[in-house]
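These notes are about the structure you will find just below.
The values are calculated or read from the model by the stated rules, or taken from the named source; none is laboratory data. If you're wondering where the values come from, they're calculated on a predicted model, not measured in any experiment. Neighbour counts are summed over all protein chains in view; Cβ atoms, including those assigned to glycine, are modelled from backbone coordinates with ideal geometry.
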Amino acid sequence: MYSRRFALMLNMNSGISVKEFAKKILRRARENRHLYRKYLKFFRQRNDSGRSFQLFLYFLYKTIREYTLFFSNEIVSTNGYRLKLIPNDTGISEELKIFKIHEPITTELIKKNVKEGMVCIDLGCNLGYYAILESKLVGKTGKVIAFEPSPLTFKFFKENLSLNEISNVDSFNVAIGDVDGTIKFLVTEQSNWSTVIQGDLPEYYKGRIIDVPLVTLDNFSKNHHVNKIDFIRMDIEGYEDKVIQGMTEIIKKFKPDLYLELHIPQMGIERTTKFLKKLQDGNYELEYYVPRIADTPWISDIKKDVIKSNISEFIKKLSDFSDFNISLYLKNH
């Protein structure tokens, strides 16, 4: 009975047979195999092989669901608000459609650290998952200033602000960096992988190259008369050090907390080390970090995966993290 229902669902949604669907699943499973092994290796290195079965179920379910997803103008509910997804987006839109949540640990940490009345900067806001969450947390007395360079993604972000009747978010379709001007930007099919182009990109980064405006946060804050910044979240695909170079006055004046995804594969160990030492010189200290590979639906464990440390100790471990991203929470002391 269930196989007949499943076959009917496939024909209704995609017009393919169960046999063809099985072939597609196997092909997709082969494509995901290297990623599965990478995750498995990470947990085994941490003597946490108990999550191997969860990991297997996650990839199995994700692989199957990727071929049963057919969404257009889809809206999902998450964290108490609604998000309109980007059609054909194999990144955060697909993840939200399948799991209804993105980065469950980071989501909880944002809820913990963003308070009512704060002014938050959100860099790389994408379709608004974190920016809208932050807007709810800061309330009517706070504000979110959000930046998204991709014109298409920015369009959906603006629609999501309207969908949720958000009035305390200022949004800007620009990239943030170390100088003012324009810069080459790669728009990818996986929206949350779109990135400023810095030299050669990995082979898996494919998409359309456009020119986007580039500004520094220092100049932006002066030109827009920003007189308070409490918290900055950034997920900008390896451009973190350039952003920090362009916000030295903000750091001196406002000393905001930083929650950033550190893209070590893109930046490399040497550049990442210099970046962290620069933050250290600016009186920042690492409170804790979260391996991005663990911040995944069905797999994450906030008790195990939020790791207390400091910058000096973290730098010593950088070689262990050369293959994946790390989320860092830093405070200015």
**Message:** If GLU237 meets every condition in (1) farther than 30 Å from LEU60 by Cβ; (2) buried (at least 20 other Cβ atoms within 10 Å of the Cβ) apart from one, which number is that one?
**Reply:** (1)
**Request:** Just name the residue that is surrounded by the fewest Cβ atoms within 10 Å (Cβ to Cβ) out of those in segment 142-180 that are at pLDDT below 95 and hydroxyl-bearing (Ser, Thr, Tyr).
**Result:** THR153
**Search result, residues across segment 119-155 that are of a type in the set (A, V, I, L, M) and within 18 Å of the chain's Cα centre (by Cα)** = ILE121, LEU123, LEU127, ALA131, ILE132, LEU133, VAL144, ILE145, ALA146, LEU152
**Request:** Output yes when any residue across segment 256-268 is surrounded by fewer than 18 Cβ atoms within 10 Å (Cβ to Cβ), touching a Lys or Arg at 6+ places or on another chain (Cβ under 8 Å) and not in a strand (DSSP E or B), and no when none is.
**Result:** no
**Prompt:** Tell me, which strands (runs of 3 or more DSSP E) lie completely within segment 34-140 with 2 or more residues that are assigned by TED's automatic domain parsing to the domain that holds HIS224?
**Reply:** 119-123
**Message:** Name the residue that is surrounded by the most Cβ atoms within 10 Å (Cβ to Cβ), counting only residues in segment 86-141 that are touching a residue at least 60 places away in the same chain (Cβ under 8 Å) and among the aromatic types (Phe, Trp, Tyr).
**Reply:** TYR130
**Complete:** Listed by first then second residue, the pairs whose first member lies in segment 232-246 and is modelled with pLDDT under 95 and assigned to a loop (DSSP other than H, G, I, E, B), whose partner is buried (at least 22 other Cβ atoms within 10 Å of the Cβ) and of a type in the set (Lys, Arg), with beta carbons under 8 Å and at least 6 positions apart or on separate chains, are none
**Asked** Here are some residues: SER312, SER319. Which one is farther than 30 Å from PHE53 by Cα, among the small types (Gly, Ala, Ser) and outside any loop (DSSP other than H, G, I, E, B)?
**Response** SER312
**Message:** Given (1) surrounded by 12 or more Cβ atoms within 10 Å (Cβ to Cβ); (2) at pLDDT 85 or above, identify the lone condition not met by SER77.
**Reply:** (1)
